[in-house]
Amino acid sequence: MSTDTGAFEREAVALDERITSDGSTAWPVESGRYRLVVARACPWANRAVIVRRLLGLEDAISLAIAGPLHDERSWRFHLDPGNVDPVLGIEYLGEAYRKADPDFDAGITVPAMVDVASGKVASNGFQQLTLDFSTQWTEFHREGAPDLYPEALREEIDSVMDEIYGDVNNGVYRCGFASTQEAYENAYHALFARLDKLSERLADRRYLVGDTITEADIRLWVTLVRFDAAYHGHFKCNRQKLTEMPVLWAYSRDLFQTAGFGDTIDFEQIKQHYYGVHHTINPTGIVPVGPDVRNWLTPHGREELGGRPFGDGTPPGPPREGERVPALG
């Protein structure tokens, strides 16, 4: 929503109770109890898809994938047979929100963890959800799961993530949904100033914190991977394309070519969502044909910086049937 100054302000999530392993909340960690609802288009949901995959939580947490298009009734399962999620039995994600709260009138967002038995949304707390995957769901991590939120580095990871969230993750939206020139320009300059600093940080180190992939990398990457396909044109973040920022472009390709990252991305759904849903920005609904995305598979050279993508762990296996995305090409 826009403030009086024309600046975009993200609405707070409304059902953000945590799912925990120690009984401190109403929602306990329990294998098979919850269904993670995501959309391929959404960067916030993409974070949850990546972390679930890297940690090997597929058996413990099932996955529902909403399509890229929605209307005022919310995200819709229009890619499933009969337009209904086969487990939850609903057409619109909003149905699960209203089972949790019949008077719910806040934003219906992904990712959302839905209690399968009751059909209620347990949590849509996207900022904490993936951290809890790392810290609360350890009983169900796969053998060889990486430590994406190492305790010794958490203070630094949290600091980096705060900067990324304000200026980059949310910053592209602050550009795209600004309703005054001043608000847009403020967001634009903050975005590219932060991207410049991140380029400097990553010029001589492979990952943002330490020598392995952490939650901080995942949070930055989900915005970068959508940059040229959506944010550069649609949100007017057009000082440069990602492909014109050498360090961030190489960093992004490095992660794209890492198991659990690029194999979660559907560029067509990303474009269909941004250009097809935001009618105030793109009233014609025309979806661009480009950019050519085959360059995501070109050599990046980041191995020379060292680092161990999964630390003492191992890469995840291939995506499961029903969770695969189209190959580039």
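The values are calculated or read from the model by the stated rules, or taken from the named source; none is laboratory data. Note that the structure is a prediction, hence the values are computed from the model and not measured. Every residue, glycine as well, gets a Cβ built from its backbone with ideal geometry; the counts of neighbours run over all protein chains shown. Just the protein is used for accessible areas: all its heavy atoms, side chains included, with ligands, DNA and RNA removed. Shrake-Rupley method; radii C 1.70, N 1.55, O 1.52, S 1.80 Å.
Taken over the stretch 104-147, residues that are touching a helix residue (DSSP H, G or I) at 6+ places or on another chain (Cβ under 6 Å), over 13 Å from Val51 (Cβ atoms) and surrounded by fewer than 19 Cβ atoms within 10 Å (Cβ to Cβ) amount to 3. For the stretch 94-130, the set of residues classified as under 17 Å from Asn46 (Cα atoms) and either part of a loop (DSSP other than H, G, I, E, B) or of a type in the set (Phe, Trp, Tyr) (or both) consists of Ile108, Thr109, Val110, Pro111, Asn124, Gly125, Phe126, listed by residue number.
Looking across the stretch 198-207, just one residue is assigned to a loop (DSSP other than H, G, I, E, B) and open to solvent by less than 20 Å² (accessible area, probe 1.4 Å), and that is Tyr207. Taking the criterion of being surrounded by fewer than 21 Cβ atoms within 10 Å (Cβ to Cβ) and touching a residue at least 40 places away in the same chain (Cβ under 8 Å), the residues of the stretch 208-233 that qualify are Gly210, Asp211, Thr212, Gly233. Note on the stretch 250-268: among residues that are open to solvent by 30 Å² or more (accessible area, probe 1.4 Å) and not small (Gly, Ala, Ser), the one that is farthest from Arg47 (Cα to Cα) is Glu268.
Summed over the stretch 61-73, residues that are touching a Phe, Trp or Tyr at 6+ places or on another chain (Cβ under 8 Å), part of a loop (DSSP other than H, G, I, E, B) and surrounded by 15 or more Cβ atoms within 10 Å (Cβ to Cβ) total 2. Which members of the stretch 281-298 meet the condition of being of a type outside the set (A, V, I, L, M), in contact (Cβ under 8 Å) with a residue 24 or more places away in the chain and open to solvent by 30 Å² or more (accessible area, probe 1.4 Å)? Of everything in the stretch 281-298, those that are of a type outside the set (A, V, I, L, M), in contact (Cβ under 8 Å) with a residue 24 or more places away in the chain and open to solvent by 30 Å² or more (accessible area, probe 1.4 Å) turn out to be Pro288, Pro291, Arg294, Asn295, Thr298.
Counting the residues of the stretch 269-280 that are part of a loop (DSSP other than H, G, I, E, B) and open to solvent by less than 30 Å² (accessible area, probe 1.4 Å) gives 1.
When the test is whether a residue is over 22 Å from Gly262 (Cβ atoms) and modelled with pLDDT of 95 or more, Gly67 does not pass it.
I'd like to check something: does the stretch 178-197 contain any residue that is among the β-branched types (Val, Ile, Thr), open to solvent by 10 Å² or more (accessible area, probe 1.4 Å), out of contact with any Ser or Thr (no Cβ under 6 Å at 6 or more places or on another chain) and not in a loop (DSSP other than H, G, I, E, B)? Checking the stretch 178-197: not a single residue is among the β-branched types (Val, Ile, Thr), open to solvent by 10 Å² or more (accessible area, probe 1.4 Å), out of contact with any Ser or Thr (no Cβ under 6 Å at 6 or more places or on another chain) and not in a loop (DSSP other than H, G, I, E, B). Can you tell me how many residues within the stretch 133-161 are farther than 22 Å from Leu242 by Cβ and assigned to a helix (DSSP H, G or I)? Of the residues in the stretch 133-161, 15 are farther than 22 Å from Leu242 by Cβ and assigned to a helix (DSSP H, G or I).
Taken over the stretch 235-244, the criterion of being out of contact with any Cys (no Cβ under 9 Å at 6 or more places or on another chain) and either basic (Lys, Arg) or open to solvent by less than 10 Å² (accessible area, probe 1.4 Å) (or both) is satisfied by Arg239, Lys241, Leu242. Within the stretch 307-328, being open to solvent by 40 Å² or more (accessible area, probe 1.4 Å) and of a type in the set (D, E, K, R) holds for Arg308, Asp312, Arg320, Glu321, Arg324.
Table: residues versus (1) surrounded by fewer than 19 Cβ atoms within 10 Å (Cβ to Cβ); (2) assigned to a loop (DSSP other than H, G, I, E, B); (3) not charged (D, E, K, R).
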position: Asp22; (1), (2), (3): yes, yes, no
position: Glu30; (1), (2), (3): yes, yes, no
position: Ala41; (1), (2), (3): no, yes, yes
position: Ala45; (1), (2), (3): no, no, yes
position: Ala48; (1), (2), (3): no, no, yes
position: Val51; (1), (2), (3): no, no, yes
position: Asp59; (1), (2), (3): yes, yes, no
position: Trp75; (1), (2), (3): no, no, yes
position: Gly82; (1), (2), (3): yes, no, yes
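Within the stretch 198-207, the set of residues being basic (Lys, Arg) and touching a residue at least 12 places away in the same chain (Cβ under 8 Å) comprises Arg205, Arg206.
Of the set (1) touching a Ser or Thr at 6+ places or on another chain (Cβ under 7 Å); (2) within 21 Å of Val38 (Cβ to Cβ); (3) open to solvent by 10 Å² or more (accessible area, probe 1.4 Å), all apply to Val247 but (2). All told, Thr223 meets the bar of being under 30 Å from Asp132 (Cβ atoms), of a type in the set (S, T, N, Q), outside any loop (DSSP other than H, G, I, E, B) and at pLDDT 95 or above.
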